[in-house]
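Asks: One structure, as structure tokens, below. Some questions next.
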Amino acid sequence: MSPQRVCLAWMLAKSPVVVPIPGASRPESVRDSVAAADLTLTADEIAALDAV
């Protein structure tokens, strides 16, 4: 799982109002970004990312 996917999933988990707009130069990056919508982070994972 890429850091990009985790980052986008974290941003989406923070608020339904936040709309991340990823940039991509390769089709693989676009697919990875879209996959972030299906990634559900646990409360512990979100807290760990918030602490960084």
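The values are calculated or read from the model by the stated rules, or taken from the named source; none is laboratory data. Quantities reported herein were computed from a predicted structural model and do not represent experimental measurements. With ideal geometry, Cβ positions are generated from the backbone for all residues, glycine too; neighbour counts draw on all protein chains shown. Areas reflect the complete protein model, heavy atoms only, side chains present, ligands, DNA and RNA absent. Shrake-Rupley method; radii C 1.70, N 1.55, O 1.52, S 1.80 Å.
Asks: Are there helices (runs of 4 or more DSSP H) fully within the chain with at least 2 residues that are in contact with a Leu (Cβ under 9 Å, 6 or more places away or on another chain), open to solvent by 60 Å² or more (accessible area, probe 1.4 Å) and touching a residue at least 24 places away in the same chain (Cβ under 8 Å)? List them.
Replies: Hits in the chain: 3-14.
Asks: How many residues does the chain hold that are touching a helix residue (DSSP H, G or I) at 6+ places or on another chain (Cβ under 8 Å) and among the polar types (S, T, N, Q)?
Replies: 5
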